[in-house]
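The structure appears below as structure tokens.
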Amino acid sequence: MKKLSVLLVIVMLATALAACGSKVPEACESDPLGCAVIEKGETVKIGMAGPMLGDYAMFGKDISQGAMVAIDEVNAAGGLEGFNFELIAEDTGGSPEQGAAVASKFVTDETMVAIAGHIFSGESEAAMPIYEDAGFPMMSPSATNPPLTQMGSTVFNRLAFTDAVQAKFAAEMLKNDLGVSKLALVHDGSAYGQGLADEVQANFESMGGEVVAYEAVTPGEADYSATLAAIAAAGPEAVYYGGYAAEAIVMANQWAQAGLTGVTLFGCDGTFGVEFTQKTGANGIGSIAASLVPPDSDEKTAFDTAYQTKFGLAAGELSAFTWSAYDTAYTLMNAAMSVAFVDGDTLYIPRSAMVAAVRGTNYNGLTGAVVCDATGECNASGPSFYEVVSDGAGGSTWIPFTK
């Protein structure tokens, strides 16, 4: 009996010591959302969600690659308290439903500290409430639909200029620089594409311009000739398209046969990229699109070299969001570094503190100053514009637009 009592005491002491050793740090107990917990040997995960397969995969591929360059740099410099960062990219196809599904998966991972995305606006909106409940801060390099930052979210932020800013610059360029008085508008029905078209229309009409046609196309189709013929009949001097490259390519290749020769196809940042020029060739010459490509700098040159070396293609070749992706990853890692602490062999990142740190970002990056306001708008510098010209070899290429 006495021997049993001694053994019982030993077991109780061991249990107590184990409980004491696994005590949750005070910073995590006091944080209403708890902490991300990264044990020795694990990585600090940053999630990314967007189209990685299918027609829009160029955006997911390019944005994830831009972010990986930043992560490689930080890891090479020692990471976070000796822990490496890791990017976890999941395919959503760009759809809101799949975006919500990926968000629900991400929030179950206690080693994930933030989301570099989502990439498209519709999926970002669908995922936002899930991350809000879990306390996972978002920094999107590319979701530009204006209402996203007007929904009261504490976790959603974006680095890209908004569609409202892009639309204002586009309308002013159409009216003042190109001298367009009659404009047609086309969109792909998405929150992003239709939102841009509506904003351009409002701005263009406020300057005295006339909108002569407003049409929608169904994404994924191979023939938009009927829609284009209806637009041609309205007599526009330019056609503004809100949507993505896949549909813009089809339209450009059917432009002349629809009777739109001499009418400018004016696209958005979703249409800019090498895919458009590769798949339209001479048919795309004269087209214009907005772009997030930043001005030249020593830092941009260093990034461009690193991107080319790692992935075998030029930065910006797949989309205009390459540099925004790099800055997005850096802002999230900087935020994590500012609030993380180590206890024993475990790294902790208080989630509420992380949310606040991301919203408080003040970072000078490749794309310029990244300074978040109270709603999560972190960059409103506006777009640059590029036009398609002949490459001299039967194809075409993008160059900066000049008046």
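The values are calculated or read from the model by the stated rules, or taken from the named source; none is laboratory data. For clarity, every value in this text was computed on a predicted model and none was experimentally measured. In this analysis, Cβ positions are derived from the backbone assuming ideal geometry, glycine residues included, and neighbour counts consider all displayed protein chains.
Summary of computed values
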quantity: Single residue of V388, V370 found to be in contact with a strand residue (DSSP E or B) (Cβ under 6 Å, 6 or more places away or on another chain) and within 30 Å of Q278 (Cβ to Cβ); calculated: V388
quantity: Residue within region 301-308 that is outside the structural domain of M58 (by TED's automatic domain parsing) and among the β-branched types (V, I, T) present; calculated: no
quantity: Any hit, region 313-325, residues being surrounded by fewer than 23 Cβ atoms within 10 Å (Cβ to Cβ), touching a residue at least 24 places away in the same chain (Cβ under 8 Å), in a strand (DSSP E or B) and assigned by TED's automatic domain parsing to the domain that holds M138; calculated: no
quantity: Criterion: modelled with pLDDT of 95 or more, of a type in the set (A, V, I, L, M) and not assigned by TED's automatic domain parsing to the domain that holds N157 - qualifying residue of V339, V388; calculated: V388
quantity: Matching residues, region 129-148, being surrounded by fewer than 24 Cβ atoms within 10 Å (Cβ to Cβ) and either at positive phi or modelled with pLDDT of 95 or more (or both); calculated: P129, I130, E132, D133, A134, G135
quantity: Among residues of region 334-382, those that are of a type in the set (A, V, I, L, M), under 30 Å from M173 (Cα atoms) and assigned to a loop (DSSP other than H, G, I, E, B), counted; calculated: 3
quantity: Meets criteria (hydroxyl-bearing (S, T, Y), over 29 Å from D31 (Cα atoms), surrounded by fewer than 20 Cβ atoms within 10 Å (Cβ to Cβ) and more than 13 Å from the chain's Cα centre (by Cα)) for S95; calculated: yes
quantity: Any hit, region 374-384, residues being buried (at least 21 other Cβ atoms within 10 Å of the Cβ) and out of contact with any strand residue (DSSP E or B) (no Cβ under 8 Å at 6 or more places or on another chain); calculated: no
quantity: Strands (runs of 3 or more DSSP E) within region 83-143 that include 1 or more residues among the β-branched types (V, I, T); calculated: 85-91, 112-115
quantity: Whichever residue in region 326-356 is touching a helix residue (DSSP H, G or I) at 6+ places or on another chain (Cβ under 6 Å) and free of Cβ contacts under 8 Å to residues at least 40 places away in the same chain and, among such residues, is farthest from M112 (Cα to Cα); calculated: S338
quantity: Test: residue in region 171-190 that is in a helix (DSSP H, G or I), at pLDDT below 95 and either surrounded by fewer than 20 Cβ atoms within 10 Å (Cβ to Cβ) or in contact with a Gly (Cβ under 6 Å, 6 or more places away or on another chain) (or both); calculated: no
quantity: Residues being touching a residue at least 24 places away in the same chain (Cβ under 8 Å) and at positive phi - total across region 51-81; calculated: 3
quantity: Failed item, numbered, when A57 is tested on (1) within 16 Å of the chain's Cα centre (by Cα); (2) more than 17 Å from A116 (Cα to Cα); (3) surrounded by fewer than 19 Cβ atoms within 10 Å (Cβ to Cβ); calculated: (2)
quantity: Subset of region 273-312 (residues that are assigned to a loop (DSSP other than H, G, I, E, B), buried (at least 22 other Cβ atoms within 10 Å of the Cβ) and among the small types (G, A, S)); calculated: G273, S287
